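The values are calculated or read from the model by the stated rules, or taken from the named source; none is laboratory data. Keep in mind it's a predicted model, so treat the numbers as computed, not measured. With ideal geometry, Cβ positions are generated from the backbone for all residues, glycine too; neighbour counts draw on all protein chains shown. Just the protein is used for accessible areas: all its heavy atoms, side chains included, with ligands, DNA and RNA removed. Shrake-Rupley method; radii C 1.70, N 1.55, O 1.52, S 1.80 Å.
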Amino acid sequence: MRARYKPPAMIHPSAVVSSEAKIGQQAEIGPFAVIEADVEIGDGVKVESHAVIKDGARIGHRVTIGNAAVVAGLPQDLGFDPSRRTFVRIGDGTTLREGVTINRATKENGATTVGSDCFLMANSHLGHDCQLGNKVVLANGVLLAGHVTVGDFSFFGGSAASHQFCRIGQGCMVGGLSAITMDVAPFTMLAERSALFGLNVVGLRRRGVAREAIRQLQQAYKSVFAHSGNLRQKAEELLAEAGDPSPELRTFLEFFASGKRGFSRPGRAKD
């Protein structure tokens, strides 16, 4: 059986593409796009007009990079040495819409990463060393500072912003215009200034999470946040008592074991 022929990349005559860049088959490079030398682009990638893919970009397969997006720009860090070799890695099937900016990492051989099947809407920004999981959605104008981590399946409403080093757990729903200054526990909803408003039950159901697992999460949410003392200690006690917890319950409780910025709590803002 003959192998299926895959045509080479289609590069517009006005695009500026380094001869050293590695570009996969069936890729499309649009008018006036710029591709620098230390760039790897997978099969089926579409780079739209005026996008800039800078040194250190590692783009997976079937990624779309919108008009005027900038991937692997220098970190906005006054102490960064531009000669340091760092990266941006973007997973398969992700879409970056127009004006998205993603800065590369600050530590030698480190990477700012975006998972697979993510959707970053217009003018959203990822600072250096951010780590996004799979199927994360950032609406227009979302701003994530350096070293922010975001779990799988999380959604950010328009113009939400996060302080550096914050952790946003998987399955979170962040309201538009929210300010995140503290860690956000998995499967929760956050709005205003680091204020929780319950579990993201709709998101859990859409992902097919079992009813019993949701019930366990609801009980754990109430128990953890009803506690006025050390949340890490309370979560550890609940995990020890759980016996055979669901994967979701374990993920929720283990989240409290680490972090540097403290935790967002229900219904009240935190600085």
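In table form, for the structure just shown:
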quantity	calculated
Options [x] 63, 54, 30; [y] 88, 39, 27; [z] 55, 42, 30 - which one matches Cα extents along the principal axes in Å as calculated here	[x]
Net charge, Val148 excluded, C-beta distance under 9 Å - Lys, Arg +1, Asp, Glu -1	0
Burial ranking of peptide ranges 68-77, 241-250, 149-158 (average Cβ count within 10 Å, highest at the top)	149-158, 68-77, 241-250
Choice from Gly259, Gly127, Gly44 showing the highest fluctuation, given a GNM over the chain with Cα pairs closer than 10 Å	Gly259
Gyration tensor (alpha-carbon) shape descriptor, region 179-247, a/c threshold 1.5	oblate
Most to least accessible of Lys260, Lys46 (protein chains only, probe 1.4 Å)	Lys260, Lys46
Over the chain: helical MRE at 222 nm, DSSP H runs n ≥ 4 each giving -39500 (n - 2.57), nearest 500	-4500 deg cm²/dmol
Which of Val16, Val209 is most accessible, then next, and so on - probe 1.4 Å	Val16, Val209
Max mean-square fluctuation residue, GNM over the chain, Cα-Cα springs under 10 Å, options Arg84, Arg104, Arg58	Arg84
Paired Rg and Dmax values of region 54-122, which use every Cα atom, in angstrom	11.8, 35
Phe263 - accessible surface, heavy atoms, 1.4 Å probe, Å² rounded to 10	20
Bridge type composition, the chain - antiparallel percent by DSSP, nearest 5	5
GNM flexibility winner over the chain from His147, His125, His227 (Cα, springs under 10 Å)	His227
